[in-house]
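The values are calculated or read from the model by the stated rules, or taken from the named source; none is laboratory data. Computed from a prediction, not measured in an experiment: that's the story for all the values here. Here the Cβ is made from the backbone with ideal geometry for all residues, glycine too, and neighbour counts use every protein chain on show. Accessible surface is based on the protein model in full, side chains and every heavy atom, while ligands, DNA and RNA are left aside. Shrake-Rupley method; radii C 1.70, N 1.55, O 1.52, S 1.80 Å.
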Amino acid sequence: MRLTKQFLFLTFAVLAISCGRKVSDVDKKVNDLLSQMTLQEKIGQMNQISVGGDVSNFAGAIRDGQVGSILNEVDPVKINEYQRIAVEETRLGIPLLVARDVIHGFHTVFPIPLGLAATFDPQLVEEVARVAAIEATAQGIRWTFSPMLDIARDPRWGRIAEGSGEDPYLDARMAEAMVYGYQGRTSDSTSMAACIKHFVGYGAAEGGRDYNSTLIPENLLRNVYLPPFEAAVNAGAMTLMTSFNDNDGVPSTGNKHVVKEILRGEWGFDGLVVTDWNSMGEMINHGFAEDRPDAAKKALEAGVDMDMMTYGFIGHLEEMVRSGEVKESQIDAAVRNILRIKVKLGLFEHPYINVEAAEKVQYAPEHLAAAQKSAEESAILLKNDGTLPLKEGLRILVTGPMADAPHDQLGTWVFDGEKSHTVTPLKALQERFPGKVTYVPGLTYSRQERDNFSDVVAAARRADVVLAFLGEESILSGEAHSLADLNLIGSQSELLKALRATGKPVVASIMAGRPLTIERDLENCSAMLYSFHPGTMGGPAIVNLLTGEANPSGKTPVTFLRTVGQAPMYYNHNMTGRPYSGELLMKDIALEAGQTSLGNTSYYLDYGAYPLFPFGFGLSYTSFEYSGISLDRQEYRAEDTIGITFTLANTGSREGTEVAQVYVRDLVGSIARPVKELKHFERITLAAGESRTVKVELPVSSLAFFGLDGSRKVEPGKFQLWVAGDSASGEPVEFEVE
Ligand code: GLC
């Protein structure tokens, strides 16, 4: 008999544990609150409204319990007042979630995210996000719509500026860094809920045209576009935003497969899912929803919790519950996710902010120092004939539309950074070289057209070196700002050509929101430093790099095209059945050439098969050499770890930092696999002449992919592995997985 009792106890215990996790204190509070809420109060939590929107009586809507989150209010006094109404004038006193797009800094502005990715420095990017959270939360913002994780393979797409480029592995490491930075490693008053967006595939907009349809098949979705989001969910991202695009005809905001089945079902995401701005209502435009009630129902069924600016939930859910079209349990699930965030952020205990303290942390010296460091690390040296670093005592001509552009230097998605705090290259140069700098703009903004530069040319003749600051106004990248021509806009290339004709050394410093097609400009300069809009401290950062006080270490997070006609072009492409093997280019073709004597491989007759600069590329003032690349074994099992050893030497004359990159190719799979994929990177700083033997442990499991049968696993076979300073260099070593 004893045995039976023990057996029963054991069975019960196993059942109790297997039936579900221990209900956490957070969930206990959430469920307790939910049990007291009316249907109207629940639906009110699912509604986010923006100041400047069309809600006339903002305070009234809050007082009536119709608002769960407010967007775009940054006045701490007003935020406290709205919060007071929610907490003290509604029946249950549920605090508001106060949201803002804090994309690359709040007041202190950092390089745009594409620039942060160019640092290949997750630790630095976490510090950047932490500073953004400290400044924003001090002012009352507790939810940011960042990081943006959209893989971008087409630089015509203006929002390439906001993400981490073309590679899933780099994107995932940046995503983790920003989630940790925004939310903090422990939750406190400076924790700001991250929002990973735009879920999913938004960057694959056809033609690089924003909001356009995407056509991403399941394996590509699983192997390229989803991994960064999964990494961010595993890093603890508290919220996620659905994207505007339809993928294969299904708008993300109504896409059960990606939101309910993958995000919620497979990954166990229990955070808050918010739509993008009216992306629920836009399902009517897509022709996917009949009307607003239908759109609201489709979004709710897909797993969306909160509606940004469609008023679909607040306007129609109550009647749909009454009519039985929607179950109240569906509402409860959404409201639990919302309340869970508010509890985790401690909003119930501390809903208000200290208005007096808000100002103190903005633009703090250590924040500006972090901004300068990130701007230094994000810049990419693309060419240098020895003109850089600048020697002392030179007479310097400064020219170009970006030399003194405090607004445009900040880049896209800057709502709260003030141009009055921007330090431009001109200002930094005048301070660094008093009395040695002449400034003749030549062009005062990037789009300006001009056909005569006699004033600038005359000034160049009197100088020892010319520094031309070129690029894009900030409005020319970002949301809805796709371009069909990626050449330097306006007459900037003509200015550079005129300066080159003087015979003086000309350094081009580019500030842009994307990789522009700058091949012809490279021919017209002695050196080129490329920054993706570098933010508040871009000026001192660029000057430190030009003088050599800082040594460039940035690497391209996206492929740089020779011409826009090559788009989309990215390093981790498939081999195809006809890889390019050196076929003739148009300029080499004989007249009346026979039809079959040409090409027959995958390339362009006019521009060939290669980009201007590959992913992962960047020069330094010193040089590095890789040698002794070896693996600890030749054969591995799926559960093993690959021991990689290599030696990196600084073969130049000054200290420098190299981003060593490890790429792998799976030679044969159940589906064709990319020619190589980034699997590891690390920044290594070496003194002149120093060499270091480096060991990398690479789990074989990191080679897993979703194959023909739709499951993620490592498939046995032969692999190649590279260790190099960019995605196009180095020789592979081989290994096998049993
Ligand atoms: C915009 C963007 C999104 C942003 C949101 C709120 O349309 O697509 O990234 O977070 O609206 O401003």
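Things to note:
- Of Val102, Val125, all but one fail to be part of a helix (DSSP H, G or I), of a type outside the set (Asp, Glu) and modelled with pLDDT of 95 or more; the exception is Val125.
- The residues listed here are Glu230, Glu266; of these, the one that is closer than 28 Å to Ser24 by Cα, without any contact (Cβ under 8 Å) to a residue 12 or more places away in the chain and acidic (Asp, Glu) is Glu266.
- Thr547 vs. criteria touching a residue at least 12 places away in the same chain (Cβ under 8 Å), touching a Pro at 6+ places or on another chain (Cβ under 9 Å), surrounded by fewer than 22 Cβ atoms within 10 Å (Cβ to Cβ) and among the hydroxyl-bearing types (Ser, Thr, Tyr): yes
- Filtered by the rule that a residue be surrounded by 23 or more Cβ atoms within 10 Å (Cβ to Cβ) and either within 14 Å of the ligand (Cβ to nearest atom) or not aliphatic (A, V, I, L, M) (or both), region 251-271 gives Pro251, Ser252, Thr253, Gly254, Asn255, Phe269, Gly271.
- Candidates in region 319-347 are the residues that are crowded, with 17+ Cβ neighbours inside 10 Å and over 30 Å from Asp188 (Cβ atoms); of these, the one that is nearest to the ligand (Cβ to nearest atom) is Ile331.
- Unmet requirement for Thr119, which otherwise passes all of (1) touching a Leu at 6+ places or on another chain (Cβ under 9 Å); (2) under 20 Å from Trp413 (Cβ atoms); (3) away from the ligand (no atom under 16 Å from the Cβ): (1)
- Test result for Val321, touching a residue at least 12 places away in the same chain (Cβ under 8 Å) and farther than 30 Å from Val125 by Cα: yes
- Subset of region 219-232 [more than 16 Å from the ligand (Cβ to nearest atom), open to solvent by less than 20 Å² (accessible area, probe 1.4 Å) and in a helix (DSSP H, G or I)]: Leu221, Val224, Tyr225, Ala231
- Residue match in region 152-165 (condition: within 12 Å of the ligand (Cβ to nearest atom) and either charged (D, E, K, R) or not assigned by TED's automatic domain parsing to the domain that holds Val233 (or both)): yes
- Residue ID - surrounded by the fewest Cβ atoms within 10 Å (Cβ to Cβ), chosen from residues in region 696-733 that are of a type in the set (Val, Ile, Thr) and closer than 12 Å to Tyr626 by Cβ: Val733
- Residue check for Thr693: open to solvent by 30 Å² or more (accessible area, probe 1.4 Å) and more than 29 Å from the chain's Cα centre (by Cα): yes
- Single unsatisfied condition, Thr242 versus (1) away from the ligand (no atom under 16 Å from the Cβ); (2) surrounded by 24 or more Cβ atoms within 10 Å (Cβ to Cβ); (3) not hydrophobic (A, V, I, L, M, F, W, C): (1)
- When Leu667 is tested against the conditions (1) at pLDDT 95 or above; (2) open to solvent by 40 Å² or more (accessible area, probe 1.4 Å); (3) out of contact with any Lys or Arg (no Cβ under 7 Å at 6 or more places or on another chain), the lone failure is (3).
- Every pair of residues 6+ apart whose Cβ atoms lie under 6 Å, when the first sits in region 39-61 and is under 11 Å from Ile331 (Cα atoms) while the second is part of a loop (DSSP other than H, G, I, E, B) and open to solvent by 40 Å² or more (accessible area, probe 1.4 Å): Gly44/Gln66
Listed here are the residues, each with its yes/no results for (1) over 26 Å from Pro217 (Cβ atoms); (2) of a type in the set (A, V, I, L, M).
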| residue | (1), (2) |
| --- | --- |
| Val696 | yes, yes |
| Phe705 | no, no |
| Val714 | no, yes |
| Gln720 | no, no |
| Ser727 | no, no |
| Pro732 | yes, no |
